[in-house]
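One structure is given here, and the rest of the page talks about it.
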Amino acid sequence: MAAGSTYTPIATTTLGSAASSYTFTGISSAYTDLILVATTPPSAGGSVNLTMGNGSIDTGTNYSWTYLRGNGTAASSSRGSTDSRIFSGENATAGLQSNLIIHFQNYSNTTTYKTCISRYNCTDTVTQATVGLWRSTSAINQIRLAIGGDSFAAGATFTLYGIAAA
Amino acid sequence: MSPILKGVIASQITGHLNNNSYESIATVTVGSGGAASVTFTSIPSTYKHLQIRTLYLNTSAQSNIRMTYNSDTAANYSWHELDGYGQPSPEASGTANASFMSIILGATGTTNQAVGITDILEYANTNIYKTCKTLTGADTNGGINYILFRSGNWRSTSAITRIDLTASAGNFGQYSSIALYGIKG
């Protein structure tokens, strides 16, 4: 069996001031999978929304998602179809620490729709797992995280890794 | 790489870090004829943990990927799951004394796939039974949609040197990809 080191940092950013979104562009197709790791403290609170695209972010209703979450009291599941984002997490209170890890598998293939799977954790609110679909066979070379109706607070971090399969 | 930021970039690192603890061991990409199973053999014991990253297409049936180790098909496995199907009340189930562990639950079609990440912890430790965990899901925009946590156990202290993955119905469809990685301790 062949073996080679992989899991390569592609880019990382720490916000110096609040921002409504963060977008990775020009993502290389040199990897097999991408992993996005973000700490997403909000300025006020809101849903953490994921979109993606090729050449530009697809803002159409070409996404769907299903989540499983627990809020400390009860477990629940929900879904959204023909949506304009993948609902990846939810901050409820300003300043709460939260993190999000999203896996994009075979992100640059041009034969299948793109499915990503993620885990989101927010202190005092929810822990959530989400599977999301982008109904496009285009390769992903842009990824955007945004908070609905709010901004990421200063100090939020966004790091993108690439994994290359043998 | 050209990040676009509506704010201030406080720091940025691009590609100068190197992580030597995560290695690609082998990958199977299924061709046009499909495949009934995928097997990894002669897995070296030089890592601490293994990870399988799966993209699973099945054109004929919604089915599970079943996993066994070292060609053991006796009733030495158990597995459990916590399921979210987009309905308000999640479900849970489990199977004891099974002859396999279900890890990935698939979708159907040529463009809709299931994905999953399976971690096999301490796979070469000869003092413990072997436990794995999987996060898997698929969403087809109103058709099949689920997100699952799954765990599995193999009641053997043998080091894992072979992994067999089999579709419970139908085949691994074209463009399915199963990649095995090793994580150093």
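What follows draws every value from the coordinates through simple rules; no lab data is involved. All values derive from a computational prediction rather than experimental measurement. No Cβ is skipped: glycine too gets one built from the backbone with ideal geometry, and neighbour counts run over all protein chains shown.
Residues that are more than 13 Å from the chain's Cα centre (by Cα), more than 14 Å from every other protein chain (Cβ to nearest Cβ), under 30 Å from residue A:71 (Cα atoms) and in contact (Cβ under 8 Å) with a residue 12 or more places away in the chain: does the stretch B:67-79 have at least one? Steps first, answer last, please.
Taking the stretch B:67-79 as the starting set, the residues that turn out to be more than 13 Å from the chain's Cα centre (by Cα) are B:69-79.
Subset that is more than 14 Å from every other protein chain (Cβ to nearest Cβ): B:69-79.
Filter once more, so that each one left must be under 30 Å from residue A:71 (Cα atoms): B:78-79.
With in contact (Cβ under 8 Å) with a residue 12 or more places away in the chain added as a condition, the list becomes B:78-79.
Checked the stretch B:67-79: at least one residue is more than 13 Å from the chain's Cα centre (by Cα), more than 14 Å from every other protein chain (Cβ to nearest Cβ), under 30 Å from residue A:71 (Cα atoms) and in contact (Cβ under 8 Å) with a residue 12 or more places away in the chain.
How do the pairs read when you match residues in the stretch A:139-166 that are within 8 Å of another protein chain (Cβ to nearest Cβ) and within 30 Å of residue B:177 (Cα to Cα) with residues anywhere that are among the hydrophobic types (A, V, I, L, M, F, W, C) and in a loop (DSSP other than H, G, I, E, B), using Cβ under 6 Å and keeping only pairs 6 or more apart or on different chains?
Correct list of pairs: A:166/A:2.
Looking only at residues that are at the interface with chain B (Cβ under 10 Å from one of its Cβ atoms) and either touching an Asp or Glu at 6+ places or on another chain (Cβ under 9 Å) or more than 20 Å from residue B:109 (Cα to Cα) (or both) in the stretch A:81-100, which one is surrounded by the fewest Cβ atoms within 10 Å (Cβ to Cβ)? Quick ask: steps written out before the conclusion?
Of the residues in the stretch A:81-100, the ones at the interface with chain B (Cβ under 10 Å from one of its Cβ atoms) are A:81-83, A:86.
Within this subset, residues satisfying the condition of being either touching an Asp or Glu at 6+ places or on another chain (Cβ under 9 Å) or more than 20 Å from residue B:109 (Cα to Cα) (or both) are A:81, A:83, A:86.
Values: A:81: 17, A:83: 19, A:86: 25.
Across the stretch A:81-100, the extreme among qualifying residues is A:81.
List the residue pairs whose Cβ atoms are under 9 Å apart, where the first residue sits in the stretch A:3-31 and is without any contact (Cβ under 8 Å) to a residue 12 or more places away in the chain and within 7 Å of chain B (Cβ to nearest Cβ), the second is assigned to a loop (DSSP other than H, G, I, E, B) and of a type outside the set (D, E, K, R), and the two are 6 or more positions apart or on different chains.
A:5/B:18; A:5/B:19; A:5/B:20; A:5/B:21
Among the residues of the stretch B:96-113, which ones are in contact with a strand residue (DSSP E or B) (Cβ under 6 Å, 6 or more places away or on another chain), closer than 24 Å to residue B:171 by Cα and free of Cβ contacts under 8 Å to residues at least 40 places away in the same chain? It would help to see each step written out before you state the result.
If we filter the stretch B:96-113 for residues that are in contact with a strand residue (DSSP E or B) (Cβ under 6 Å, 6 or more places away or on another chain), which is where we start, we get B:96, B:98, B:100-107, B:113.
If we keep only those that are closer than 24 Å to residue B:171 by Cα too, we end up with B:98, B:100-107, B:113.
B:98 - this is the single residue of the stretch B:96-113 that is in contact with a strand residue (DSSP E or B) (Cβ under 6 Å, 6 or more places away or on another chain), closer than 24 Å to residue B:171 by Cα and free of Cβ contacts under 8 Å to residues at least 40 places away in the same chain.
Quick one: would you say residue A:47 is assigned to a loop (DSSP other than H, G, I, E, B) and either in contact (Cβ under 8 Å) with a residue 60 or more places away in the chain or under 21 Å from residue A:132 (Cα atoms) (or both)?
Details: assigned to a loop (DSSP other than H, G, I, E, B): no; either in contact (Cβ under 8 Å) with a residue 60 or more places away in the chain or under 21 Å from residue A:132 (Cα atoms) (or both): yes.
Judged against the criteria, residue A:47 is not a match.
Residues being within 7 Å of chain B (Cβ to nearest Cβ), in contact (Cβ under 8 Å) with a residue 24 or more places away in the chain and within 16 Å of residue B:149 (Cα to Cα): count how many of those fall in the stretch A:101-137.
5
Spot the failing condition for residue A:39; the list is (1) among the β-branched types (Val, Ile, Thr); (2) more than 8 Å from chain B (Cβ to nearest Cβ); (3) free of Cβ contacts under 8 Å to residues at least 60 places away in the same chain, and only one is missed.
(3)
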